[in-house]
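Novice: Below is one structure. I have some questions about it.
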Amino acid sequence: MFRKFISTIIFISCVLMTNQNQVDTLILTGNNKTKEHVVLREILHPINHPLDSTILEQDINRLYNLGIFSSVDINLENNIYKVNLVESFSIIPDLVIDYSEIAKKWSYGLGLVHLNFMGLNQELYLGGAFIGEKWFGISLNNPWIYGDHVSFSSTLYNRYTDDPFYDYRFNETYFSIKSGFYNGLNNKFEFGLSYYRNKKHTLSDVIDLPINEKNIYRYASLEFDYQYDTRNVYRDPTKGSLIGINLRYSNSLIENNPNISKMSISYDKYILMNIKYFHQPVISYGVYTTFKFPKFIDLPIHEYIYIGGEDFIRGYSSDPFERPENKNIEVSNVVYSYIELQSTILKKKDYGKIEFGIDGLMFINSGIGSKSIEKLALNQMLIGYGLGLKFFVTGPPPISIMIGFNPYGQNFIHLED
């Protein structure tokens, strides 16, 4: 009899504990501008099920990854799955102050970005630079129109500036339409169509250009992009990985100009560590490769890759005239790798609709560049190392200031966004 009584008490206790952790309903607060369905489609925790803390954390990350909330918090109270949101400012002025390492020139201008256009997590941008490198751009991006993350984006861009290494001025125009979808939560596909035009205006009578360079190029391009993405937070991941494959075929619309093919493959890995004296340290490492066809001598100048500087090997200049002796900087094929240690200096926090934080980082990066695949060789390897700061603000990608060094006694400051 006593055993029966004890068993009954244990059973009733288990039922009561289960009911306390049961998710019976869901309530959203704080989505004043954001449409309810935009939030609900990111929440995967089932109703009428016990609370799963792993799914709860993933729901927080997915909502944060939208980039329109400065704070996301989810908790269970009285069997209610409470989603508490703080929307960031949706309309943000963009003061364009940009430094091009390749052109070694500052650009100044003004823009406006709407991060949550019509409350649908669409990003609308309009802006340009009017001093230095002159450009203007307008873009619209909707990452989820219908179905399983079926997306749409379009960009129109024009730039008029001097080439930093060759004696001519050019006017380039770019227009693209892209659409994609997900297969599950991690497999992301995107397809694109684009038009590109580049026209030169010479600056002197004596022009020292590659022998096959033309005065005007026009291309229609097909592009495919695939990502396998398991990162927990896109802007500042602490775990997960990202595998990327990008293919582009550009068909010349002008006779006798070359058709161009490009293939890029990348891999990035993020690991949260436990290191004394460091706050939330994350070690990341990655490999990136890109190959272009036809041969370098047949490529137009606008397809050249400069492997020194912020885009690839920090600790070097993107200027081919500042390269170490017998090393390639101006190339068309690249194999690049890096390892970074990043740690929090000022924890990211919501300051009234704006999230702000600062991380410090140290890096080592290396790479090989060549003008043909068969000439990729270890004796062309460049190694750079350094440290810097990374600033996080709601909306735009993180902004980094780094100082890089190399074994040849050079050092350079790199601005990244």
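What follows is calculated from the coordinates using simple rules that are stated; it is not laboratory data. Since this is a predicted model, take the numbers as computed values, not measurements. Every residue, glycine among them, receives a Cβ derived from its backbone with ideal geometry; neighbour counts consider all protein chains shown.
Novice: For the Cα atoms of the chain, what angle does the longest principal axis make with the long axis of helix 2-20, in degrees from 0 to 90, nearest 10?
Specialist: Around 40 degrees separate the two axes.
Novice: Please build a GNM for the chain, connecting alpha carbons under 10 Å apart, and tell me which residue among Asn215, Asn257, Asn158 fluctuates the most.
Specialist: Asn215
Novice: May I pose another question? Taking the chain as the reference, fit the longest principal axis to its C-alpha atoms, fit the long axis of helix 53-65 to the helix C-alpha atoms, and give the angle between the two in degrees, 0 to 90, nearest 10.
Specialist: It is inclined by approximately 40 degrees.
Novice: Now for a separate question. Rounded to two decimal places and with Rh computed the Kirkwood way over Cα pairs, what is Rg over Rh for the range 230-389?
Specialist: 1.05
Novice: Viscosity 0.890 mPa s, temperature 25 °C: Stokes-Einstein D of the range 189-268 from its Kirkwood Cα radius, in µm² per second?
Specialist: Calculated translational D: 156 µm²/s.
Novice: If you count, for each residue, the other Cβ atoms within 10 Å and average over each peptide, how do 242-255, 393-406 line up from highest to lowest?
Specialist: Listed from highest to lowest mean packing, they are 393-406, 242-255.
Novice: Can I ask one more? Could you give each residue of the range 215-230 its phi-based ³J(HN,Hα) in whole Hz, using Karplus coefficients 6.51, -1.76, 1.60 with θ = phi - 60°, and x for Gly or Pro?
Specialist: 7, 9, 10, 9, 9, 10, 10, 10, 9, 10, 9, 10, 9, 10, 10, 10
Novice: Also, I was wondering about something else. Can you sort Val287, Val113 by how many other beta carbons sit within 10 Å, fewest first?
Specialist: Least crowded to most crowded, the residues run Val287, Val113.
Novice: At 25 °C and 0.890 mPa s, what whole-number value in µm²/s does Stokes-Einstein give for the translational diffusion of the chain, with Rh from the Kirkwood sum over Cα pairs?
Specialist: 101
Novice: What FRET efficiency comes out for Lys349 versus Glu255 if R0 is 60 angstrom and r is the Cβ-Cβ distance? Round to the nearest 0.05.
Specialist: 0.55
Novice: Within straight cross-link reach of Lys371, meaning Cα distance under 20 Å, which lysines are found once same-chain residues fewer than 8 apart are removed?
Specialist: Within the straight-line cut-off, Lys371 pairs with Lys214, Lys262, Lys292, Lys295, Lys327.
Novice: Something else now. Once fully extended, how much extra length lies between Leu193 and Gln22, figured as 0.36 nm per residue of separation less the alpha-carbon to alpha-carbon distance?
Specialist: Extra length from Leu193 to Gln22 when fully extended: 56.8 nm.
Novice: Assuming a strict under-30 Å limit between Cα atoms, what lysine pair count do you get for the range 46-189 once near-sequence pairs (fewer than 8 apart, same chain) are dropped?
Specialist: So the count of such lysine pairs works out to 5.
Novice: Restricting to DSSP H runs of at least four residues, report the calculated mean residue ellipticity at 222 nm for the chain, -39500 (n - 2.57) per run over all residues, nearest 500 deg cm²/dmol.
Specialist: -3000 deg cm²/dmol
Novice: Need the list of lysines near Lys276 for cross-linking: C-alpha distance under 25 angstrom, and skip anything on the same chain fewer than eight residues off.
Specialist: Lys239, Lys347, Lys348, Lys349, Lys390
Novice: Under 17 Å between alpha carbons, and skipping anything fewer than 8 positions from Lys353 in its own chain: which lysines qualify?
Specialist: Those lysines meeting the cut-off are Lys33.
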